[in-house]
Every structure is written in C-alpha cells, then in structure tokens.
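Read through the structure below, which is laid out as structure tokens, and then see the notes.
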Ligand code: T5A
C-alpha cells in the first residue's frame, strides 16, 4: 500500500531527538540548497499553517500541573499529529513543491513512527495507514541528527524554562525514539543520512551542508 506514497525529489526533512541542533542544521541545509537558484521554503511540524499551529499548542502545552485538565491519550496525540500534517501538506508543502520550490521540513512522519510508534507503543501499521491516507508524501532526503539522549536533554534544559509536554517524558521514552530513528535510517540508506550531532555546532553545520550538496550533485542539481 505504501508504494503509492509520492517520494518528492525536492522534499527534505530533518529528524532527531530532543536538543540535537536542528535549528542550525536547517539554516545550513537552506544555504546549501539556495545554490540551486530555486526558492527554498523552511517549515516545521507539528505546525506550519495557522490551523496546524493551533493543533501544535494542544499537542505541546504542558498542562500536567493543572488539576482541571485531562492527559492527552496516545491515540489522540497520534491523530492530532496527523491532523496537523494533513493540513500542512495540503496548504503549504504541496503548493510549494508544485511551484518548483525545495521544501525543508523540521520533522515529518518519521517523528510519528519514532515518538508515537516506538515512544508511546502505538501500532506502526496504523501509522503507515495514516501516512498513506492522510499524507501521501515522503521526502527524498532525510537528515537524521543523532545524539546521546542525556546530552540532548541537557542542551534543552539549559535553554527552556518550561519544558513542553513531550519534552517532559522520561529518558527511556527518548531512548526508544532514538533507537527507532536509527533503525529506520538503517532500513532506508538511500533516503537517510545520519549526522553525528555530538560534534561542535560549526562541524554539524558543515556536515549538513556537505551532505546536501553531495545529494544535489547525485541528482544532477
Ligand atoms: N513530535 C513531532 C512528535 O512526537 N511526533 C511528530 O510526528 C512530530 C512532528 C516538537 C515535539 O513534537 C514531537 C517531537 C518534539 O518533542 P519542538 O519544540 O519543535 O517540539 O521540539 P524539537 O523539534 O525537538 O526542537 P528543539 O528546538 O527542542 O530541538 P532542536 O531544534 O534540535 O534544538 P536546537 O537547535 O534548538 O538546539 C538546542 C540547544 O542546543 C544547543 C543550541 O544552541 C540550543 O541551545 N546546541 C548545541 N550545543 C552544543 N553543540 C552542538 N552541536 C549543539 N547543537 C545545538
């Protein structure tokens, strides 16, 4: 069934656990792609459209401290991720690809397999079905920034005063997320490039830039 998903040649995603340094990597990837002379659109998930950004708030706001609120069920979390993604793909990503732009998205469906699948224990076949029915689009290049879980969490702790709802999960949750990302990368080596995110920021940026340029060369730019 998943064969029918379009793997778009100008669609690129960035993936990884918490605090891996996607912000710097995004800028480096954008700068490299701009050498093609084409428009480059940067966007993110969950979010990327006004409606999807409202869903993002529902997904990430940390309401644990409020006794009047209810926890988000894992199934609700997955469906909201895909509700935001369906909107994002139709309103922003597909139109940009259709007008000839490159699109770089900070997280996409791989995050749902890693966080809601491996992290929350939801059935990956259900996720694949949602990917097929609600999204129908897959990147041609995915840069996976890989980092030790504790190191990544130490970085975000230094940055965030209030961790969001998902950031507040325990280390074993993020270990499953990391392991799933690496397994997916090993299963699809033609799509994934794994970047060692433990290196200093400028090295990570350099590696991302080199990988994007190499990928562009391999497809004749
Ligand atoms: N999610 C998302 C799901 O569960 N399922 C899904 O389907 C999708 C799409 C999104 C959350 O939603 C989850 C995953 C996430 O938990 P978010 O706020 O967008 O929430 O969270 P992240 O995507 O994780 O973004 P972060 O901003 O937290 O992480 P980044 O972008 O990787 O980190 P960045 O670049 O801000 O860097 C973090 C800190 O580390 C430092 C930076 O300066 C910064 O302070 N840093 C480094 N320090 C030293 N050396 C380096 N190499 C460094 N790189 C960065």
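Structural remarks
- Residues (more than 14 Å from the ligand (Cβ to nearest atom) and in contact (Cβ under 8 Å) with a residue 12 or more places away in the chain) located in the range 172-187: 175, 179, 182, 185
- For the residues 133, 138, the requirement of being at pLDDT 95 or above and under 15 Å from the mean Cα position of the chain (by Cα) singles out 138.
- Summed over the range 11-53, residues that are under 16 Å from residue 211 (Cβ atoms) and crowded, with 17+ Cβ neighbours inside 10 Å total 17.
- Of all residues making up the range 156-171, the number that are more than 9 Å from the ligand (Cβ to nearest atom) and modelled with pLDDT of 90 or more: 2
- Filter result (over 18 Å from residue 140 (Cβ atoms) and under 15 Å from the mean Cα position of the chain (by Cα)) within the range 180-196: 180, 182
- Test for residue 153: is it in a helix (DSSP H, G or I) and buried (at least 18 other Cβ atoms within 10 Å of the Cβ): yes
- Every test in (1) surrounded by fewer than 22 Cβ atoms within 10 Å (Cβ to Cβ); (2) under 26 Å from residue 19 (Cβ atoms) is passed by residue 97 save one, and that test is (2).
- When restricted to residues that are under 27 Å from residue 179 (Cα atoms) and part of a strand (DSSP E or B), the range 11-40 contains 6.
- Residue check, residue 52 within 22 Å of residue 133 (Cα to Cα), modelled with pLDDT of 95 or more, under 17 Å from the mean Cα position of the chain (by Cα) and assigned to a helix (DSSP H, G or I): yes
- Unmet criterion (only one of (1) assigned to a loop (DSSP other than H, G, I, E, B); (2) within 9 Å of the ligand (Cβ to nearest atom); (3) free of Cβ contacts under 8 Å to residues at least 60 places away in the same chain) for residue 121: (2)
- Close pairs (7 angstrom Cβ cut-off, 6 or more residues apart or separate chains): farther than 18 Å from residue 152 by Cβ in the range 200-221, modelled with pLDDT under 95 anywhere: 216/36; 221/36
The values are calculated or read from the model by the stated rules, or taken from the named source; none is laboratory data. This is a predicted model, so every value here is computed, not measured. When we count neighbours, we look across all protein chains shown, and the Cβ atoms used for this are built from the backbone with ideal geometry, even at glycine.
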